[in-house]
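A short worksheet on the structure shown next.
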Amino acid sequence: MANHTIAAPLYVPYLDKKGILSWLLSTDHKRIGIMYLISISTFFLIAGISALLMRLELIAPGKTIVDAHQYNVLFTFHGTVMVFFFIVPGLAASFGNFLIPLMIGAPDVAFPKLNLGSYWLYLLATILLLIALLKPADTGWTFYTPYSIKSGTDVILLTTGIFVMGFSSILTGLNFIVTIHKLRAPGMTWHRLNLFVWASYATAILQLLATPVVGITLLLLIMERVFGIGFFDPSKGGDPILFQNFFWFYSHPAVYIMIIPAFGVISEILPVFARKPIFGYKAMAYSLLAIALISFLVWAHHMFVSGISEVAATIFSFLTFLVAIPTAIKVFNWTATLYKGSIQLHSAMLYALSLVFLFTIGGLTGVFLGALAVDVHLHDTYFVVAHMHYVMIGGTVMGFFGGLHFWFPKMFGKMLNEKVAKVAWAFVFIGFNVTFFPQFILGTLGMPRRYADYPPQFHSLHELSTIGSWILGIGIFIMTVNLLRGLTNGEKAPDNPYNSVSLEWQVPSPPPHENFEKIPVVTDFPYVYGKKNSQED
Amino acid sequence: MSTNAHSSEHHHDHEEQHHIVGYSVYIMVWIALMILTAITVWVAKHDFGVFNIVVALSIASVKASIVALFFMHLKYEDKLTWTFAIYPLFLLALLIGLTASDVFYRVLP
Amino acid sequence: MGEIVIEDTHSHAHHIDPKVEYSMSKFGMWLFLGTEILLFGGLFAAYAIYRAKYATMFHEQHKELDVTLGAINTVILIFSSLTMAVGVTAIQKGKRNLLTLMLLITIICGIAFGVNKYFEYGHKFEHHISPSTSIFFALYFMMTGLHMIHVFAGIAILTVLLVLNLKGKFSAKYNTPIEVGGLYWHLVDLIWIYLFPLLYLIS
């Protein structure tokens, strides 16, 4: 029976206790997930404003609002906040925390106190990082040597902040892996798990095992700055490229930490609004693991023109093409899920469809960059900037927005205004493409990234891109206002507004503290649509 | 209907909780470690050319293995634990190997 | 509804089966040890690259290291691993006092290790050898220094376990923290098993 509600008199929603301490001291995974959600969303908006300022500077040649040094500070701020405060913790810490125990039929994660600890570490990291960034910092978010050794930036504070952030990430990954292995409800076999859980698992492995390497790299950077140990200093026999090798050993898997949870979200949304099971469930599950595995093998494709050996460049180029295969399988299967489905264009579905389309563009352009001869021309140009934003915004952020709209009723017990949500989506979709598509062209024409100024032949494309950023900004603004109004004025949400069979929809909206009055026994797959579900199917 | 989270490795847990490694096993492992340490020092006084590092690492790995297998009870752990104990070593090998493919094959002008 | 102050509904109504708790704690610690392997792994990678590049420098400069002290430290740590393992078996058999003794010896070994390193480092600094002297010494200080930090963390953990044991918290039925803490201590030994030959015994 898909729609049973626990109407027990003892139902106490997890949102009941008020007061900031009841949140900051809560070990309830749902509250921790919401705290992460609020934090990452706030930083997303702040970093987004810094991007609007960057685009404003670039609307015309010459100085518009900032000089070159201030521009360097802006893109360092934008990159660092977006990467470390928003997108790496991102969907894993927010949706993952909220949903994993619900989806596997568990009362909480394996180590709830450690979970809260992860969040406190995240907050500590944001404080350290913000101080360092505002000092200011101008190394770019990748702080390559030798500049990071010599820069006036407080590199030590910056790297300490990231080290703490990394520790938070490792502990979250650890928690999720143990949770998914050990706390699944009876009957919840691996092949009955939601794909979002599979995605969280693959992400958690990357968080656990890739992050320590950037941790040690940052320690080495600190030692270099304090003691001049010479690891990265050619005059002392060191190798500045070694920094890049170690840095990207983490940072490439990190981009999969960014995108894989979004893949999971899409796999949840599409079946619901196509009223069809996901096509090729096993392929979808195993391709996630394949992506996680191969992601460790491709890091030096960020370094093709840094001076690495041809041998390494060739190996890494080949491996980079490999990672496209499991990803393409996913895109194909999402599309096949839609075929002969009964499509409902809910706002969440609009974001999900956007991801499938936009991420494909982003992913394919990544393959272009993986080709050595092409990368020589495109590296460090706007082509790379466009590629990364197509995968990060077109991918992760679309997944983020989609998930927000999809699970809003479950998380907050309120419904969103669908009409306004769709209007916001339209602005976001159009604005995003107007901002970033011209950047592919700018890149192929030779416009370098991280430059505050440019010759006049690039003017019109930059102007178009900046106008796009305003449209995108308006869309995000409308969406944010709509979400906030939903929180305050939204209609009360039913427990299962989409007639989903997934476990998280079988508990009240919002869920009670302990999730399930009785741990369920699972007998079926979470995507049985179009069969015995509800009258509408 | 169950009222608590049920591990699929339930039957293994029974074994782990009741499998207590005896003191004599530990003593024997310790003696082996002492002998291997002595060998390590002795071997260092001889030059095996390019095999120096191989010999040193091999002996260290044998020592590490018996610490892991017996002191850390890895020998009695399930496949899941083994997988996550071994996989990081594989990633480490990747880090070193692929970085080396860059550093040692650069053609200097 | 007003204020519902029924504590039960605010805590987890479900208690996780103790066997599952035990399994999760151990598994969680093994995962954490995996991250430590990769943390040190970065240093081992840097070591591998730079030793291959500067084999002569490594050979020459390692002679400054005190092999005897290094060997003594190795023996101390291996012995402390023995006592830790014995302690785990002891409490699994319900022998609290034996565990107390074993934890105490293990902690003392850790402190002894630290004292030795204090003298070693002191001797280096007297001879104006520091992390900035060369890449070899940078690696020496970083690898043994990071290891030392982990030894201190281990001593702290074992001390907490010792205090808890004295309060009677552990028994044959419940000793998960001892086993899990022991795993962490063994890691400290494992890393040193590699550091010793790689730094002190370069032939």
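Computed from the coordinates by the stated procedures, all read-outs in this text should not be read as laboratory data. If you're wondering where the values come from, they're calculated on a predicted model, not measured in any experiment. Cβ coordinates were reconstructed from backbone atoms using ideal geometry, including for glycine residues, and neighbour counts include every protein chain displayed.
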ask   = So what does log10 I(q)/I(0) come out to for the range A:324-443 at q = 0.10, 0.12, 0.19 Å⁻¹, using the Debye formula with one equal point on every Cα and no solvent?
value = -0.36, -0.51, -1.04
query = So how far, in whole Å, is the C-alpha centre of the range C:85-121 from the one of the range A:51-88?
reply = 54
remark   = FRET efficiency (A:Y451, C:L104; Cβ distance; R0 51 Å; to 0.05) is 0.20
task = Can you put A:F167, A:F231 in order of Cβ neighbours within 10 angstrom, beginning with the fewest?
result = A:F167, A:F231
request  = Using only the Cα atoms, work out Rg/Rh for the range A:259-357, with Rh taken as the Kirkwood radius, to two decimals.
outcome  = 1.12
inquiry  = Assuming 0.36 nm per residue, please report the length gained on full extension of the stretch A:T314 to A:E491 beyond their Cα-Cα distance.
reply    = 58.0 nm
key: Average other protein chain Cβ within 10 Å of Cβ, residues B:67-77   = 5
note = If amide H atoms are modeled at 1.01 Å from N in the peptide plane, then the residues at a separation of 5 or more from A:K414, or on another chain, having amide H under 5 Å from its own are A:A493
task = Please list C:138-144, A:201-207, A:391-397, B:35-41 highest first by mean number of surrounding beta-carbon atoms within 10 Å per residue.
result = A:201-207, A:391-397, C:138-144, B:35-41
key: Calculated FRET efficiency for the pair A:A426/C:K53, C-beta based, R₀ 51 Å, to 0.05   = 0.35
inquiry  = Need one number: nm distance between label points at C:S132 and A:M415, each 7 Å from Cα along Cα→Cβ, rounded to one decimal.
reply    = 6.8
query = What spacing in nm lies between the two simple spin-label points modelled at A:V367 and C:Y118, each 7 Å away from Cα in the Cβ direction?
reply = 6.2
task = Compare the peptides A:439-451, B:86-98 by average per-residue count of other Cβ atoms within 10 angstrom and give them in order, highest first.
result = A:439-451, B:86-98
query = For all pairs of alpha-carbon atoms in the range A:413-537, what percent lies in each bin of width 5 Å, listed from the first bin to the last filled one?
reply = 2, 9, 12, 11, 11, 11, 10, 9, 8, 7, 6, 3, 1, 0
request  = Taking the Cα centre of chain A as origin, sum charge times position over the Cβ atoms of Lys and Arg (+1) and Asp and Glu (-1), and report the length of that vector in debye to the nearest 20.
outcome  = 980
query = Mean shadow of the range B:17-72, computed from the convex hull of its alpha carbons, in nm²?
reply = 3.9
query = With point charges of +1 on the Cβ of Lys and Arg and -1 on the Cβ of Asp and Glu, referenced to the Cα centre of the protein assembly as shown, which listed residue (C:F44, C:F32, A:Y527) lies farthest in the positive direction of the dipole?
reply = A:Y527
note = Counting only residues 5 or more apart in sequence or on a different chain, those whose built amide H sits under 5 Å from that of A:T381 are A:R449
request  = Determine Rg/Rh for the protein assembly as shown; Rg is computed over alpha-carbon atoms and Rh is the Kirkwood hydrodynamic estimate from the same atoms.
outcome  = 0.97
message = Give the average, rounded to an integer, of partner chain Cβ atoms located within 10 angstrom of each Cβ in A:170-182.
response = 5
request  = Could you compute the FRET efficiency for A:T480 and C:A156, with r as their C-beta to C-beta distance and R0 at 35 Å, rounded to 0.05?
outcome  = 0.20
message = Take B:Y87 and A:D67, extend 7 Å from each Cα along the Cα→Cβ direction, and tell me the distance between the two endpoints in nm.
response = 5.1
key: For A:R485, A:R55, order by how many other beta-carbon atoms lie within 10 Å, fewest first   = A:R485, A:R55
request  = Would you work out if the range A:157-219 is rounded, prolate or oblate? Take a ≥ b ≥ c from the square roots of the eigenvalues of the alpha-carbon gyration tensor; rounded if a/c is under 1.5, else prolate when a/b is larger than b/c, oblate otherwise.
outcome  = prolate
request  = Could you work out the mean count of beta carbons from other protein chains within 10 Å of each residue's beta carbon in B:22-29?
outcome  = 3
note = Put in order of increasing Cβ neighbours within 10 Å, starting from the fewest, A:F85, B:F70 give B:F70, A:F85
key: Surrounding net charge for A:N194, when Lys and Arg each add one and Asp and Glu each subtract one, Cβ distance under 9 Å   = -1
key: Karplus 3J(HN,Hα) series, Hz, for the range C:123-136 with 6.51 cos²θ - 1.76 cosθ + 1.60 (x for Gly, Pro)   = 4, 4, 4, 4, 8, 6, 9, 9, x, 8, 5, 6, 5, 4
inquiry  = Hydropathy at least 0.5 by Kyte-Doolittle, axial extent at least 27 angstrom from the Cα trace: which helices of chain A, defined as entire DSSP H runs, fit?
reply    = A:29-57, A:112-133, A:155-182, A:195-227, A:240-274, A:310-338, A:347-370, A:418-444, A:459-489
key: Cα centroid of the range A:446-525 to Cα centroid of the range C:138-169, whole Å   = 44
task = Net charge near C:T144: determine it from the other residues with C-beta under 15 Å of the C-beta of C:T144, scoring Lys and Arg +1 and Asp and Glu -1.
result = -2
request  = Grab the other residues whose beta carbon is less than 15 angstrom from that of A:A312, score K and R as +1, D and E as -1, and report the net.
outcome  = -3
remark   = Computed for the range A:442-537: size of charge dipole around the Cα centre, +1 on C-beta of each Lys and Arg, -1 on C-beta of each Asp and Glu, debye to nearest 20, value 240
message = I need the phi-derived Karplus couplings for the range B:36-43: 6.51 cos²θ - 1.76 cosθ + 1.60, θ = phi - 60°, integer Hz, Gly and Pro marked x.
response = 5, 5, 4, 4, 4, 5, 4, 4
inquiry  = I'd like to know how the range C:37-200 sits against the 2.2 N^0.38 Å rule of thumb: what's its Cα Rg over that expected value?
reply    = 1.16
